[in-house]
Amino acid sequence: MSNTARIPFFTLAPANLKAMINLSASVKQSSLGPHLVELVQLRVSQINGCGICVDMHWRDLIKQDVNPRHLNALPGWREAPFYSARERAALGWAEAVNALPLRDDTDAAYAELQLHFSPNEIAELSYATAAIKAWNLLNLSLRNQIAEVPAPGF
């Protein structure tokens with residue numbers, strides 16, 4: 001696999017890029033709160049292997065003063081004691097949605113989700129998961145690289 005970006009993605013298709021940025025901004029402004037959104041987006045990015053997104057969401061969580069040990073344990077969240085029942089339900093839902101259509105185990109994840117989230121929050125969490133999966137797919141398919149020095153504000 002090449003370490004060279006295929007196209008200058010962030011300079012092309014400006015209307016589409018703006019729509020994706022707006023979607024991402026809207027999920028960060030949701031009632032879920034920035035911590036939960038970033039945690040879910042970090043986990044989905046880890047699963048999908050998107051280095052750009054892993055780096056960005058990890059840095060955002062560190063800026064929120066999240067304990068680095070909690071972030072290091074995220075791939076093993078089911079065994080780690082650091083996550084609340086609400087976070088566990090959100091992570092389970094995000095992983096189940098991310099696995100579609102190759103695997104559909106959303107029934108159990110949805111039942112658990114309903115114990116901790118309102119229907120509106122479930123919709124917001126689903127948008128957050130869809131948005132990060134879309135960014136992961138774009139970055140991976142176009143071979144976008146992690147910047148050695150992050151852009152200001154990112």
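Where a number appears in this text, it was derived from the coordinates with a stated rule and is not lab data. Because the structure is predicted, anything quoted here is derived from the model rather than measured. Methodologically, a virtual Cβ is constructed for each residue, glycine included, from the backbone with ideal geometry; neighbour enumeration extends over all protein chains shown.
Scanning the chain for GluC sites (Glu not before Pro) lying in DSSP loops with no more than 11 further Cβ atoms inside 10 Å, the longest uninterrupted stretch between such sites is 1-78. Within the stretch 1-90, the chymotrypsin sites (Phe, Trp or Tyr not before Pro) that combine a DSSP coil assignment with at most 15 other C-beta atoms in a 10 angstrom radius are PHE82.
Estimated purely from DSSP H runs of n ≥ 4, each contributing -39500 (n - 2.57), the mean residue ellipticity at 222 nm for the chain is -20000 deg cm²/dmol once divided by its residues. May I ask for log10 I(q)/I(0) of the stretch 7-154 at q = 0.20 Å⁻¹, from a Debye sum over the Cα atoms as equal point scatterers with solvent left out? Debye intensities relative to I(0), on a log10 scale: -1.37.
With a Förster radius of 41 Å applied to the C-beta separation of ALA123 and VAL149, the computed FRET efficiency comes to 0.65. The simple spin-label model puts a point 7 Å past each Cα toward its Cβ; for LYS63 and HIS35 those points are separated by 1.7 nm.
Mind checking which helices in the chain clear 15 Å along their axis (Cα) and have mean Kyte-Doolittle hydropathy of 0.0 or more, DSSP H runs only? The answer, listed by residue number, is 14-28, 34-48, 51-63, 119-141. Taking trypsin sites (Lys or Arg not before Pro) in DSSP loop conformation with at most 13 other Cβ atoms inside 10 Å as exposed sites, the chain has its longest uninterrupted site-free stretch at 7-77.
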